[in-house]
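Visitor: Following this message is one structure expressed as structure tokens.
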Amino acid sequence: MKIFKKGIQIHLLKVLFFFGLLIFSPNSLFAGETVEILGGPEDVNIRLLAVLNKLDPDFYADEKTQGFVYRYRNRWNNPYDFNIYVGRVGKTSPDSIIRIESPRRGQEKMWKQIMEQELLQKPPHESAIPLSEKYHIVSQGLNLITPMASVGYNSWNSPLFTNRDTFVSMSIYLLCDLILAGGAYLYAQENLPKKNIYENMLNVKGPGSVWESPNAVGIFAALAVTRAVRVFDAWEDTAAHNKTAQFGWSFKF
């Protein structure tokens, strides 16, 4: 039994190491997307504000512009997650540049396509498709089964996710489930009531399986943690997708 437990622990460490390399690799850092626009930053800023207010007015101007002229960030109750900068293309250039950063590559690419269609009047890519509405009840229902299913539903045909975003998000939920539920299971197994010598002599029935032990509730509590976190993430993903879908834009995934 000890050898079996040690094997599980070694396997979990390998899984942790693999996902750590994947999630925190240099490619997972904010890459950012940029859009060059004719006109000065002041004029472009007015047009950008119109687009941001159109989607969700819950954002604010950040004074720490990091060398740009303007910077905007989402508030906590805004379902989008972004840092958007407005600046000059060059010191002597009359034109402007918009830079979009987000923890998800999908959102960066989505914002770029919105800026191109709204500010540059650029037609969508020939392979772009319009968005269909997603439903909170479906996403939250799938979350009760497993957070990965909820992520899969929200990422399907949604510009908010790239394939990598989907894989990383699913992997994080899976990893957390393995660590929390696996740890709770090992704890419950380690603390199973044991029969004493007299109970052995009298052939008294043993304590049963882990699922029949008093600590079994800890396993279900551990599984509830990731699902509770996903409740909020699922709301954001669904709300952001539907806000974007209502304006009839088409996106290339």
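Taken together, the values in this text are just the output of simple stated rules run on the coordinates, not laboratory data. In this text, all values refer to a predicted model and were calculated from it rather than measured experimentally. As a convention, Cβ positions derive from the backbone with ideal geometry for all residues, glycine included, and neighbour counts pool all protein chains shown.
Visitor: Between Ala50 and Asn157, what is 0.36 nm times their sequence separation minus the Cα-Cα distance? Round to one decimal in nm.
Guide: 35.9 nm
Visitor: Calculate, in nm to one decimal, what Asn215 and Ile129 gain on full extension: separation in residues at 0.36 nm each, minus their alpha carbon distance.
Guide: Fully extending the segment from Asn215 to Ile129 adds 25.9 nm.
Visitor: Now a separate question. For the range 216-242 and the range 32-92, what is the separation of their Cα centres, given in Å?
Guide: So the two Cα centres are separated by 31 Å.
Visitor: Right, here's the next one. For the range 48-179, what is the number of Lys pairs with C-alpha distance below 21 angstrom, counting only pairs 8 or more positions apart or on separate chains?
Guide: 8
Visitor: Under the rule of at least 5 residues apart or a separate chain, name every residue whose amide H is placed under 5 Å from the amide H of Phe82.
Guide: Excluding prolines and chain starts, which carry no amide H, the hits are Asn74.
Visitor: Give a residue-ordered list of calculated ³J(HN,Hα) values for the range 162-174 (Karplus: 6.51 cos²θ - 1.76 cosθ + 1.60, θ = phi - 60°; whole Hz; x for Gly, Pro).
Guide: Listing the rounded values in order: 9, 4, 5, 4, 4, 5, 5, 4, 4, 5, 5, 5, 4 Hz.
Visitor: In percent, what relative contact order does the range 31-123 have, based on Cα pairs under 8 Å that are 6 or more apart in sequence?
Guide: 34
Visitor: Place a label point 7 angstrom from the Cα of Arg164 along the Cα-to-Cβ direction, then list the residues of the range 110-131 whose backbone nitrogen is under 20 Å away.
Guide: From the range 110-131, the list is 110-114.
Visitor: Right, here's the next one. Kindly write out, for the range 131-147 in residue order, the coupling ³J(HN,Hα) from the Karplus curve 6.51 cos²θ - 1.76 cosθ + 1.60 (θ = phi - 60°), rounded to whole Hz, with x marking Gly and Pro.
Guide: Those phi angles translate into 9, 9, 5, 10, 10, 4, 5, 5, 4, 5, x, 5, 4, 5, 6, 6, x Hz.
Visitor: Karplus couplings for the range 47-55 from phi (6.51 cos²θ - 1.76 cosθ + 1.60, θ = phi - 60°), rounded to Hz, Gly and Pro as x?
Guide: 5, 5, 4, 4, 5, 5, 5, 5, 7
Visitor: Full-extension gain between Val138 and Thr65, please, as 0.36 nm times their residue separation minus the C-alpha to C-alpha distance.
Guide: Here the answer is 22.3 nm.
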